[in-house]
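Structure first, commentary second.
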Amino acid sequence: MIVMNRRHDLPERIDSGLPMNDGKNKQAPRKKRFSYDYPRPSVTVDIVLVTREPKSRVLLIRRKDPPFAGKWAIPGGFIEMEETLEASARRELREETGLEVGDLIQLQTFGDPGRDPRGRTISVVFLAQVDPSQLKPQAADDAAAVGWHPLRKPPPLAFDHDKILTYARQRLEGK
């Protein structure tokens with residue numbers, strides 16, 4: 001079975017078999033494990049924060065860990081099993097940037113098979129427009145740095161985040 005290693009968001013294989021209990025040895029209950037007969041994709045969330053300015057900017061993080069260590073990316077990460085998608089988006093934004101924002105709208109889902117070198121990953125992307133003067137982002141968790149970048153001309157990005165930003169820009173422009 002494949003589970004996500006929360007520290008580095010890397011998949012790892014675990015043994016899903018339970019030990020035999022002959023009735024003589026008492027065992028503590030084990031954490032619930034999931035096992036499936038066929039492969040399952042991982043689900044992530046990404047959060048596009050765009051400024052309300054004449055020349056819009058987007059908040060990006062510089063990745064600390066592989067894949068794409070050192071590259072700029074949209075804040076986001078893997079969902080937890082007991083979270084809603086929006087709660088997961090808010091948690092990831094808070095963990096990586098220290099920010100909490102008001103309204104988030106679900107922008108689009110991205111799921112091309114090759115979008116993540118770690119394996120099949122589907123990302124639900126959220127969008128928020130913000131006043132940057134009201135926010136003080138700080139890099140944390142797996143973000144080495146955080147900063148505002150021009151929405152129309154961001155730096156080279158990790159994963160398929162260039163496609164995500166193009167879609168967000170078109171949506172904001174009403175195209």
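Things to note:
- Put simply, of 63, 115, 91, 152 the only residue that is basic (Lys, Arg) and buried (at least 20 other Cβ atoms within 10 Å of the Cβ) is 63.
- Residues being in contact with a Lys or Arg (Cβ under 8 Å, 6 or more places away or on another chain) and surrounded by 12 or more Cβ atoms within 10 Å (Cβ to Cβ) - total across the stretch 28-46: 2
- Being among the hydroxyl-bearing types (Ser, Thr, Tyr) and surrounded by fewer than 20 Cβ atoms within 10 Å (Cβ to Cβ) is a property that holds for residue 109.
- Taking the stretch 126-175 as the range and being over 20 Å from the mean Cα position of the chain (by Cα), touching a residue at least 12 places away in the same chain (Cβ under 8 Å) and part of a helix (DSSP H, G or I) as the test, the residues that pass are 132, 171, 172.
- Enumeration of residues in the stretch 119-147 that are under 16 Å from residue 77 (Cβ atoms), touching a helix residue (DSSP H, G or I) at 6+ places or on another chain (Cβ under 8 Å) and of a type in the set (A, V, I, L, M, F, W, C): 124, 125, 126, 139, 140, 143, 146
- Failed condition for residue 88, given (1) in a helix (DSSP H, G or I); (2) of a type outside the set (Asp, Glu); (3) in contact with a helix residue (DSSP H, G or I) (Cβ under 6 Å, 6 or more places away or on another chain): (3)
- Residues being assigned to a helix (DSSP H, G or I) and β-branched (Val, Ile, Thr) - total across the stretch 91-106: 1
- Residue 109 being more than 21 Å from residue 145 (Cβ to Cβ), at pLDDT 95 or above and hydroxyl-bearing (Ser, Thr, Tyr): yes
- Within the stretch 68-101, tally of residues that are at positive phi and of a type in the set (Val, Ile, Thr): 0
The values are calculated or read from the model by the stated rules, or taken from the named source; none is laboratory data. Quick caveat: nothing in here was measured; it's all calculated off a predicted structure. Every residue, glycine as well, gets a Cβ built from its backbone with ideal geometry; the counts of neighbours run over all protein chains shown.
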